[in-house]
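The values are calculated or read from the model by the stated rules, or taken from the named source; none is laboratory data. It should be emphasised that the depicted structure is a prediction, and the values quoted were computed from it without experimental measurement. Reconstructed Cβ throughout: ideal geometry from the backbone, glycine too, with neighbour counts over all protein chains shown. Protein only, heavy atoms only, side chains kept; ligands, DNA and RNA dropped before computing areas. Shrake-Rupley method; radii C 1.70, N 1.55, O 1.52, S 1.80 Å.
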Amino acid sequence: MPKKVVYEASIEHLQILDEDGKLDAKLAKDTITDEQVVYLYEQMSICRQFDEIAFKLQRSGRMGTYPQNKGQEANAVGAGLALQKGKDWLVPCYRENAALFMHGLPMHYILLHWMGDERGNQIPEGCLMTPISIPIGTQMLHATGIAWAAKLRAEDRVVATFFGDGATSEGDFHGAMNFATVMQAPVIFYCQNNQWAISVPREIQMNSATVAQKALAYDMPTIQIDGNDIFATFKATRDAAKRAREGGGPSFIEAVTYRLGDHTTADDARRYRDQAEVDAWLSKDPLIRTRKYMEGKGLWSDKRQTDLEERAKRIVEEVARTALEIEDPTPADFFDHMYAELPADLARQRETMRTSSLGLSPDQPGLKTQPQRA
Amino acid sequence: MPQLTLVQAINSTLAHEMQRDDRVVLLGEDVGLNGGVFRVTEGLQARFGKDRVVDTPLDESGIMGSAIGLAIGGMRPIPEIQFEGFLGPAYDQLVNHAARMRTRTRGAITVPMTVRIPVGGGIHAPELHSDSPEAIYAHSPGLKVVMPSTPYDAKGLLLAAIRDPDPVIYFEPKRVYRSFREEVPDEDYTIEIGKAKVVSEGTDITVVTWGAPVFQCLGALDNLPEDVSVELIDLRTIYPIDIETIAQSVQKTGRCVVVHEAPKTAGMGAEISSLIQEHCFLHLEAPVQRCTGFDTIMPYYKLELDYLPETPRIQKAIEECLAY
Ligand SMILES: Cc1ncc(C[n+]2csc(CCOP(=O)(O)OP(=O)(O)O)c2C)c(N)n1
Ligand SMILES: [Mg+2]
């Protein structure tokens, strides 16, 4: 019996707006309008400024570790626009700030989070998103579950989860992909392949030539896109969302992008990567190419650029001020949200937290009134 | 003798043992070129090569499970989990395999590996970078658990751990990583796993602790009146626990405070006070006090010093126990 091919597949790469700001008009059809391009450019610029101010806060000792989004903003804004605010869920990692802002998260919450204040994780009424996820790769399963619930409840809802290239090494990633396809859950797996997981480059992280091909193992529709191209990030997400809404189940998007900054403010990328590599990616910056495109179409001017820069600075300075002016949380804060109802012993710990007798109330029988030993 | 920080002591000890024993390999996230996020493995890849200091994929289960395989295959792996908060995916491998392999195979297959993990709070780290899970692993039969608090002990315990025939979890208190230097001899020496250290001798009360709180306890001792005589014990090994040293001390003092960063309920303080009542019942002048983290999630860093047993709270605990 001759061997036969039982499975064949390939991965497509989608780019609509290239590095020079040149657009593929055919592919761009029915994607984003000129107005939306300007809007996304503004959102990216504000996010870039937000990184700047967070960086300054960290360097001046007013914030702990902060992971910059710099260079990757086209992903968050494109996906953010393609998903419906208040209807679709965002299940992020920590490099999707702009999408969270676009979907209603007050900007100072993200600052609070990295300033060591858990109140930064509050999710305002009507915002459908989970908080920043610190343990890498874990949130994708939640996205699958949320999407599965939407399917069970016949809700018109799509869930998008974001994660890095490194995250695809975790077992949870594969669990999420498998569950999502088996349950045909309306979830979008959006991988921001920024080439690095702290100091570990993609080639060491995985043997696969693309991240997108990992979805093939689960028979999940998959695509690789230019993650610095707002047209591609929008289109890929919009198409995946449409498929999910129509009952087509999950989709995978590998967005090829680049982390222009250090992993976090605690990291020094010069230890492990060449400046030449960074320089090569600087010219692919999503802000630069979007601006070139807008200028080419007469949508932009130096004046508008200056105005935007000033506005973005004002916005983030105001946001930083808001975050800094909020009074520090009181210690009770870490007790009060432990359970719907605080167990009695925990309530006592809360009361006696300034004393040593942890959880013992001063008048507890046996503590001070124990009969004297003979 | 060189004056080293905890980070430097661990680094030079790893190099020492890698030089001596070519079965020793390091593996983990960012441990190679970057030298680890705390620089504990700095320079080791350059010196020993990429086969012996391995940047792994981002997969704690993969790191732990393949380290088990490396150990079974004849190597002496030293896997690193980047922060204690990321032990979760590795837990299955650690507890269901590393801990049980010897028993399951009646000793035919063993897992001599040392798992290095930065641990504890107090460094303004993000969420899940400040926990103290030592009790979970002490509660997992088949594992040994150590936590040095000084550069000198770090070397002796690390060499003992690497040469131990069974899996050892080696917790590194990050708050101490660069907090001070001390003399660490160049020569080869080990510190027996399972032996506590009496940091200061005393007769009125025993304080038992380990890891970073050793220094908070020392601070409390400084603040107490001159005539209060405190015996401070640094446990160093969490399991197997050195009950002899604790019991000897408490039989002398009749009073004891246990201090740890981890939550109170089912923490090591519970085990230690139980052991004390088993071994010292008739010597006790006061109930054993626990001065620990609260039974809450470790808060984000703005409140971490309210959560951790800091010097004033420890001092109060000692005073209360003395006044009982
Ligand atoms: C389970 C887990 N392991 C390790 C870490 C430490 N860590 C934080 S970010 C990171 C790299 C993540 O890389 P990637 O998924 O590519 O995301 P990126 O930071 O590049 O956006 C690591 C190892 C963690 N947060 N969680
Ligand atoms: Mg990455």
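Mind telling me which of B:Arg23, B:Arg76, B:Arg175 comes out most flexible in a GNM of chain B, alpha-carbon contacts under 10 Å?
It is B:Arg23.
Can you say what percent of the DSSP beta bridges in region B:3-183, counting only those with both residues inside, are antiparallel? Round to 5. Don't skip to the answer; put the middle values down first.
Working: 2 of 20 bridges.
Of the beta bridges lying entirely in region B:3-183, close to 10 percent run antiparallel.
Quick one: grab the alpha carbon gyration tensor of region A:13-324, order the square roots of its eigenvalues as a ≥ b ≥ c, and give me rounded if a/c is under 1.5, else prolate or oblate depending on whether a/b is larger than b/c.
Details: a/c = 1.30, a/b = 1.19, b/c = 1.09.
In terms of gyration-tensor shape, rounded.
Please state the shape class of region B:1-49: rounded when a/c is under 1.5, otherwise prolate if a/b exceeds b/c and oblate if not, all from the C-alpha gyration tensor. Mind dumping the intermediate values first?
On the way: a/c = 2.05, a/b = 1.11, b/c = 1.86.
In terms of gyration-tensor shape, oblate.
Going by average Cβ density within 10 Å per residue, which order do the peptides A:152-158, A:221-227 take, highest to lowest? Display every interim value, and only then the final one.
Values: A:152-158: 13.3, A:221-227: 24.0.
Per-residue Cβ counts within 10 Å, averaged per peptide and sorted highest first, yield A:221-227, A:152-158.
For A:Arg350, what accessible area in Å² do you get when you roll a 1.4 Å probe over the heavy atoms of the protein chains, rounding to the nearest 10?
Counting only protein heavy atoms, the figure is 90 Å².
Taking every DSSP beta bridge that has both residues in the protein assembly as shown, what percent is antiparallel when rounded to the nearest 5? Please report the intermediate quantities before stating the final value.
Numbers: 10 of 64 bridges.
The antiparallel proportion sits near 15 percent.
Quantify, in whole percent, the carbon and sulfur part of the accessible surface of region B:3-183 (1.4 Å probe; protein heavy atoms only). Don't skip to the end; give the middle numbers.
Values: 3150 of 6120 Å².
The nonpolar share, carbon plus sulfur, comes to 51 percent.
With a 1.4 Å probe on protein heavy atoms only, work out how much accessible surface A and B bury together, total over both chains, in Å² to the nearest 100.
Working: alone 18860 and 13730 Å², together 28570 Å².
That pair hides around 4000 Å² of surface in total.
Per residue, how much accessible area does the protein assembly as shown show when a 1.4 Å probe rolls over the protein heavy atoms, in square angstrom?
Working: 28570 Å² over 698 residues.
I get 41 Å² per residue for the protein assembly as shown.
Run the numbers on region A:178-203: which residues show a drop of 10 Å² or more in accessible area, chain on its own versus all protein chains together, using a 1.4 Å probe over heavy atoms?
A:Ala197, A:Ile198, A:Ser199, A:Val200
Averaged across B:28-39, how many Cβ atoms of other chains sit within 10 Å of each residue's Cβ atom?
Numbers: counts 0, 8, 8, 2, 4, 7, 9, 3, 1, 6, 1, 1.
Shielding by partners across B:28-39 averages 4.
Given a Förster distance of 35 Å, report the FRET efficiency between A:Ala217 and B:Arg104 from their Cβ-Cβ distance, rounded to the nearest 0.05. Kindly include the intermediate steps, with their values, before the conclusion.
Numbers: r = 32 Å, r/R0 = 0.90.
Step by step, r from the Cβ atoms, then E = 0.65.
What part of the accessible area of chain A, given as a whole %, is carbon or sulfur when the probe is 1.4 angstrom?
Details: 8580 of 16860 Å².
Looking at chain A in its full context, I get 51 percent from C and S.
Going by Cα centres, region A:102-168 and region A:246-286 are how many Å apart?
After rounding, the separation between the Cα centres reads 21 Å.
Quick one: check the C-alpha center-to-center distance for region B:10-79 versus region A:1-61, whole angstrom.
Value for the Cα centre distance between the two parts: 37 Å.
Any chance you could check region B:290-313 for residues losing 20 Å² or more of accessible area when the partner protein chains are in, compared with the chain on its own (1.4 Å probe)?
B:Arg290, B:Phe294, B:Asp295, B:Thr296, B:Ile297, B:Pro299, B:Tyr300, B:Tyr301, B:Lys302, B:Leu303, B:Asp306, B:Arg313
Taking the DSSP beta bridges in region B:197-323 as the whole, what percent of them are antiparallel, to the nearest 5? Before the final figure, lay out each step's value.
Working: 3 of 16 bridges.
Bridges in region B:197-323 that DSSP calls antiparallel: roughly 20 percent.
Give me the inter-chain shielding for A:329-340: mean count of other chain Cβ atoms within 10 Å, whole number please.
Values: counts 5, 2, 8, 2, 6, 11, 5, 1, 2, 4, 0, 0.
Mean inter-chain Cβ contacts per residue within 10 Å come to 4.
Tell me, which residues of region B:260-277 get at least 20 Å² less accessible area when the other protein chains come in, versus the chain alone (1.4 Å probe)?
So the qualifying set is B:Lys264.
What shape does region B:42-83 take by its C-alpha gyration tensor, where a ≥ b ≥ c are the square roots of the eigenvalues and a/c under 1.5 counts as rounded, a/b above b/c as prolate, and the rest as oblate? List each step's numbers first, then the result.
On the way: a/c = 2.24, a/b = 1.24, b/c = 1.80.
Because a/c hits 1.5 or more and a/b fails to exceed b/c, region B:42-83 counts as oblate.
Take peptide A:261-273, look around each residue's Cβ out to 10 angstrom, count Cβ atoms belonging to other protein chains, and average those counts. Intermediate values should be presented prior to the final figure.
Values: counts 0, 0, 3, 2, 0, 5, 3, 1, 1, 0, 6, 6, 1.
Neighbouring Cβ atoms belonging to other protein chains average 2 per residue here.
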